[in-house]
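Colleague: Dropping the structure in here first, questions after.
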Amino acid sequence: FEGFVPPMHIGSPRMTYMSTQLFQDYGDFCGVITSKEQQREPWYAPLVESGMTVAAKLQKMGYVGHFDIDAIVDDIGYPYLVEINPRRTGGTHVHEFANFVFGPDYLKHVALLSQDPVSTGSIRTFDDLVRVLDELLYPIDDLPYGIIPTVTSPIHKGEFGCLIVGSSEEKTLEMQSKMLTRLGGEL
């Protein structure tokens, strides 16, 4: 859960977005995914409710700005709050990009996955990365789906970051799998 807390005299706190975190290897955080499918999960409504309760309390304490709540979900779908990060977080730019490009109702149209880092395998130049990912790059066939390289400065070290946009969470994860296969890696 990420929320934004305005000054009390400006208005009420609001949820900015909800996402699930992605991990690789030994629990290393590598990104987030946000989709309309998450709204049907049993943890969604209680986490939104908890997040808005925390947001209201933060506002009463004088906090202003973004914050997120990390949670874990048990086997029956109940969320347990783990920590609060009083700052912009790993998915803030994903939400802001989607809101700007697709509008405030972006979840009706797309699912987004932000991943950083992604191993480039033996690729060490942006031109080679674009060549290998060619048909997967945004936009695909004039549709608003595809991979958008976002962090390219470490390509010479064998890494980059990206945003993957698909029509659903399933399609977005399929595109991620195709990307990783082309790069010779795994999530």
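Colleague: Using a 1.4 Å probe, what is the accessible area per residue for segment 73-167, in Å²? Please list the in-between numbers first.
Modeller: Details: 5260 Å² over 95 residues.
Heavy-atom accessible area per residue stands at 55 Å².
Colleague: Calculate for the chain the 222 nm mean residue ellipticity that helices alone would give, adding -39,500 (n - 2.57) per DSSP H run of length 4 or more and normalising by residue count, nearest 500 deg cm²/dmol.
Modeller: Numbers: 4 runs with 51 residues, N = 187.
-8500 deg cm²/dmol, from helical runs alone.
Colleague: For the chain, what % of the accessible area comes from carbon and sulfur atoms, probe 1.4 Å? Write out the running numbers ahead of the final one.
Modeller: Numbers: 5580 of 10330 Å².
Summing carbon and sulfur atoms, their accessible area is 54 percent of the total for the chain.
Colleague: To the nearest 20 debye, what is the magnitude of the charge dipole of the chain about its Cα centre, counting +1 on the Cβ of each Lys and Arg and -1 on the Cβ of each Asp and Glu?
Modeller: Working: 14 positive and 25 negative charges, 126 e Å.
The calculation lands at about 600 debye.
Colleague: Turning to a different aspect of this structure: Distance between Cα centroids, segment 121-169 to segment 6-32: provide it in whole Å.
Modeller: That distance is 23 Å.
Colleague: Still on this structure: Just need the relative contact order of the chain here, percent rounded to a whole number, with Cα pairs under 8 Å and 6+ apart.
Modeller: Numbers: 344 pairs, mean separation 37.2, N = 187.
20 percent.
Colleague: Report the label-to-label distance for Ser153 and Arg87 in nanometres (one decimal), using points 7 Å from each Cα along the Cα→Cβ vector.
Modeller: 1.6 nm
Colleague: Restricting the calculation to Cα positions, tell me the Rg (one decimal) and the Dmax (whole number) of the chain in Å.
Modeller: Looking at the chain, its Cα Rg and Dmax stand at 17.6, 54 Å.
Colleague: A further question on this structure: What FRET efficiency comes out for the pair Ser122/Ser167, r = Cβ-Cβ distance, R0 = 35 Å, nearest 0.05? If you can, show how the numbers build up before the last one.
Modeller: Values: r = 31 Å, r/R0 = 0.89.
So, using R0 = 35 Å, E works out to roughly 0.65.
Colleague: Follow-up question, since we're still on this one. Which FRET efficiency, nearest 0.05, do Met61 and Gln21 yield, Cβ-Cβ r, R0 30 Å?
Modeller: Efficiency for this residue pair is about 0.70.
Colleague: Given the options Ser114, Ser35, Ser177, state which has the largest fluctuation in a GNM of the chain using a 10 Å cut-off (strictly under) for Cα springs.
Modeller: Maximum fluctuation in the GNM of the chain, among the listed residues, is at Ser177.
Colleague: Which of Val101, Thr120, Met52 sits closest to the plus end of the dipole of the chain, meaning its Cα is farthest towards the positive end, when Lys and Arg get +1 and Asp and Glu get -1 on the C-beta?
Modeller: Positive-end residue among those listed: Met52.
Colleague: Calculate the spin-label point distance for Ile140 paired with Glu96, positioning each point 7 Å from the Cα along the beta-carbon direction, and give it in nanometres.
Modeller: 2.8 nm
Colleague: Still on this structure, please answer the following. About its Cα centre, what dipole magnitude does segment 1-96 give when the only charges are +1 on Lys and Arg Cβ and -1 on Asp and Glu Cβ, stated in debye to the nearest 20?
Modeller: Values: 7 positive and 12 negative charges, 118 e Å.
Magnitude of the dipole: close to 560 debye.
Colleague: Now a separate question. Taking R0 as 30 Å, what's the FRET efficiency between Val132 and Ile72 from their Cβ-Cβ distance, rounded to 0.05?
Modeller: Details: r = 35 Å, r/R0 = 1.18.
With a Förster radius of 30 Å, E is 0.25.
The values are calculated or read from the model by the stated rules, or taken from the named source; none is laboratory data. Here the structure is a predicted model, which means the values were calculated and not measured. When we count neighbours, we look across all protein chains shown, and the Cβ atoms used for this are built from the backbone with ideal geometry, even at glycine. Each accessible area value is taken on the protein alone, full model and side chains, heavy atoms only, with ligands, DNA and RNA left out. Shrake-Rupley method; radii C 1.70, N 1.55, O 1.52, S 1.80 Å.
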